[in-house]
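> This structure is in structure tokens; I'll ask about it shortly.
The values are calculated or read from the model by the stated rules, or taken from the named source; none is laboratory data. Since the model is a prediction, treat every value here as computed from it, not as a measurement. Here the Cβ is made from the backbone with ideal geometry for all residues, glycine too, and neighbour counts use every protein chain on show. The accessibility values were calculated without ligands, DNA or RNA, using every heavy atom of the protein model including side chains. Shrake-Rupley method; radii C 1.70, N 1.55, O 1.52, S 1.80 Å.
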Amino acid sequence: MLERIHEIPAAVLSADEYLDDFWPNFHQLDGVFWKLERLQSFRGEPSWAAMVEGDWDRSLKLVDDGRGAPRERPAKRFPRRRIRIVEQPVTSYVRWEAHLLALRGEAAEQVRVLDAGEVAEIEVGRRLPELVVLGTVAMYEVTYDETGAHSGARRIDDREVIEACQGELDKLFQRGEELRPYYEREIMPLPAPTVTV
């Protein structure tokens with residue numbers, strides 16, 4: 001099902017419409033918050049912008065400072081699970097993001113890492129989508145333009161599709177490696193990432 005998400009009928013939302021739609025649904029979340037990350041580079045976050053400018057120390061400081069920032073939360077707690085697909089060689093963005101996720105820690109969300117080779121059998125002619133799943137309330141295929149900037153999302157409401165995707169996400173999650181050992185083995189020994197603009 002995951003490899004066919006782009007074919008599923010969906011409501012197309014701009015970046016602003018996505019945020020306006022996301023938060024009310026987020027507060028209705030009734031299960032696991034899932035995030036599937038497949039792209040290897042993005043644009044937009046202040047810490048990432050600092051890294052792009054060549055200031056790795058400031059980038060990490062912005063990540064660290066952001067850990068205490070207030071975030072919108074629903075009234076009840078719920079499991080948060082992220083699956084990060086990684087290609088080799090690891091991109092500067094993924095290296096930066098791994099530092100961010102490691103700083104947040106397991107208390108914030110459970111993160112598993114999968115090598116791109118592990119999903120090759122279901123990526124026939126197309127990469128897996130960037131997905132955000134809010135329990136059974138809504139699922140978003142998050143979209144980006146050709147520069148890697150967030151452009152919006154496609155909201156899918158079909159519960160059968162959402163439940164099928166949750167089952168597949170759970171299988172990928174079980175196959176993945178926990179972030180901490182991956183981070184310590186593969187990311188920490190690398191020098192500070194650089195970006196050619």
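> Using +1 at the C-beta of Lys and Arg and -1 at the C-beta of Asp and Glu, which of PHE173, PRO191, ILE162 has the Cα lying farthest in the positive direction of the dipole of the stretch 157-196?
PRO191
> So if we plug the beta-carbon distance of GLU163 and LEU19 into 1/(1 + (r/R0)^6) with R0 = 35 Å, what FRET efficiency do we get, rounded to 0.05?
0.90
> Charges at C-beta only: +1 for Lys and Arg, -1 for Asp and Glu. How large is the resulting dipole of the stretch 79-192 about its Cα centre, in Debye rounded to 20?
320
> D for the stretch 102-197, whole µm²/s, Stokes-Einstein with Kirkwood Rh over alpha-carbon pairs at 4 °C and 1.567 mPa s: what number?
Result for D is 81 µm²/s.
> I need the per residue convex hull volume for the stretch 123-173, using only the alpha carbons, in cubic angstrom as a whole number.
Working: hull volume 5.0 nm³, N = 51.
Hull volume normalised by residue count: 98 Å³.
> Still on this model: Starting from the Cα of GLN28, step 7 Å toward the Cβ, then list every residue of the stretch 135-179 with an amide N under 16 Å from that point.
Backbone N within reach: 135-140, 155-160, 162-163.
> Heavy-atom accessible area of ASP20 with all protein chains present, probe 1.4 Å, nearest 10 Å²?
120
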